[in-house]
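Have a look at the structure below, then the notes.
The values are calculated or read from the model by the stated rules, or taken from the named source; none is laboratory data. Just so it is clear, the model here is predicted, and its values are computed rather than measured. Because the Cβ atoms are built from the backbone with ideal geometry, glycine has one as well, and the counts that use them run over all protein chains shown. Protein only, heavy atoms only, side chains kept; ligands, DNA and RNA dropped before computing areas. Shrake-Rupley method; radii C 1.70, N 1.55, O 1.52, S 1.80 Å.
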Amino acid sequence: MPPRTVHPRRRHGHLPTTDILDLDGVDRLSARAFHALITTARLHVRSMSEALAGSGCHHGQAICLRLLSARDGATPRELAGLLDVAPPTVSKMLRALEQAGLVERRPDKADRRLTRVHLTSRGREREREISLAVGRYVDATFGALPERERRDLVRLLDRLGERIAAVGERPDGCRPRNRYPDDDPVADAPGIRR
């Protein structure tokens with residue numbers, strides 16, 4: 001069995017002491033789990049940013065390129081729904097990707113009022129590079145865990161996700177309305193799950 005490593009932030013003294021775990025009305029184990037999730041999520045975001053640094057794209061742009069590789073010709077509104085961001089955020093992102101020569105916007109052939117977003121050949125190449133970098137990261141992190149631990153992690157994260165979603169539901173049992181009332185584009189996107 002390999003030696004147990006110390007969390008990098010704990011090694012450098014950056015993790016808060018136990019006083020941060022004292023949450024009113026929350027048992028200590030739940031507080032520790034909450035703190036571990038937040039700490040790991042922050043570390044994950046930082047590590048993913050480092051993994052993507054060579055691509056010249058930030059994580060949102062990388063996800064957008066990935067979505068377009070699976071759903072080339074999506075509208076900006078569909079991308080906003082898939083990314084769960086406001087349409088102006090997608091417009092800004094697409095402008096940057098367009099300036100980098102990674103995407104192009106074209107009018108829809110059937111409905112000229114719509115704009116469709118397409119990857120350029122350079123964009124496809126960049127998306128492949130990003131996919132390889134993310135694959136290496138996932139293999140070095142998740143892939144390094146024994147299979148049983150990965151299965152347990154998936155099961156626990158799925159359950160936690162269900163609880164978090166339930167907390168976000170209204171008291172009448174209804175989910176909050178989508179900010180964008182169109183059909184949920186995630187349902188049609190291959191390989192994309194919420």
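Quick test for you: out of Gln99, Gln61, pick the one residue that is within 22 Å of Leu119 (Cβ to Cβ), among the polar types (S, T, N, Q) and surrounded by 15 or more Cβ atoms within 10 Å (Cβ to Cβ).
Working: Gln99 fails: surrounded by 15 or more Cβ atoms within 10 Å (Cβ to Cβ).
Result: Gln61 is the single residue among Gln99, Gln61 that is within 22 Å of Leu119 (Cβ to Cβ), among the polar types (S, T, N, Q) and surrounded by 15 or more Cβ atoms within 10 Å (Cβ to Cβ).
Return yes when Ala86 is more than 18 Å from Ile130 (Cα to Cα), open to solvent by less than 60 Å² (accessible area, probe 1.4 Å), free of Cβ contacts under 8 Å to residues at least 12 places away in the same chain and within 20 Å of the chain's Cα centre (by Cα) and no when it is not. Quick ask: steps written out before the conclusion?
Working: more than 18 Å from Ile130 (Cα to Cα): yes; open to solvent by less than 60 Å² (accessible area, probe 1.4 Å): yes; free of Cβ contacts under 8 Å to residues at least 12 places away in the same chain: no; within 20 Å of the chain's Cα centre (by Cα): yes.
No: the conditions fail for Ala86.
Using beta carbons and a limit of 8 Å, which pairs, at least six apart or on different chains, have the first residue in the range 14-29 and within 18 Å of Leu43 (Cβ to Cβ) and the second one of a type outside the set (Asp, Glu) and at pLDDT below 80? From the range 14-29, the pairs are Leu15/His7; Leu15/Arg9. Within the range 128-150, the set of residues being open to solvent by 60 Å² or more (accessible area, probe 1.4 Å), under 13 Å from Cys57 (Cβ atoms) and either free of Cβ contacts under 8 Å to residues at least 60 places away in the same chain or among the polar types (S, T, N, Q) (or both) comprises just one member, Arg128.
Filtered by the rule that a residue be outside any strand (DSSP E or B) and open to solvent by less than 50 Å² (accessible area, probe 1.4 Å), the range 102-126 gives Leu102, Asp108, Asp111, Thr120, Gly123, Arg126.
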